[in-house]
Amino acid sequence: MEKELRTIVAKIAETPDDFSRSAHLRDELKVDSVRVMELMFEIEQTFSVKFPEERYAEVGTFDDLVRVVQSLKL
């Protein structure tokens with residue numbers, strides 16, 4: 001799952017996928033509010049989950065994103 005998430009984030013952030021797990025989505029990867037919506041949509045489509053907007057408040061880093069998506073798949 002991490003590899004797929006990494007690919008999605010890299011595509012949306014328009015950056016190579018070799019960023020660290022501690023990379024901050026907004027500050028380092030430039031995932032702004034418009035891209036957040038795109039990111040959530042892509043995650044929902046790829047993993048067949050519902051990504052509630054309020055859960056995104058828990059996400060700062062790529063590692064946080066992995067953790068939240070894993071919890072949505074349970």
From phi via Karplus (6.51, -1.76, 1.60), per-residue ³J(HN,Hα) for the range 44-53 in Hz, x at Gly/Pro: 4, 5, 5, 9, 6, 10, 9, 9, x, 4
Residues with amide H under 5 Å from that of LEU25, placed H, sequence gap 5 or more: THR61, PHE62
Low-density loop cleavage sites - GluC sites (Glu not before Pro) in the range 30-74, where at most 13 other Cβ are within 10 Å (DSSP): GLU58
Cα-projected label distance for ASP64 with HIS24, points at 7 Å along beta-carbon direction, nm: 1.0
Translational D in µm²/s for the range 2-72 (Stokes-Einstein at 4 °C, 1.567 mPa s, Kirkwood Rh from C-alpha pairs): 110
Mean Cα-pair separation over length for the chain, i.e. relative contact order, pairs under 8 Å, 6 or more apart, %: 34
Extension gain, VAL49 back to MET37 (0.36 nm per residue minus Cα-Cα distance, nm): 2.9 nm
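Each value in this text was obtained by applying a stated rule to the coordinates, not by laboratory testing. If you're wondering where the values come from, they're calculated on a predicted model, not measured in any experiment. No Cβ is skipped: glycine too gets one built from the backbone with ideal geometry, and neighbour counts run over all protein chains shown.
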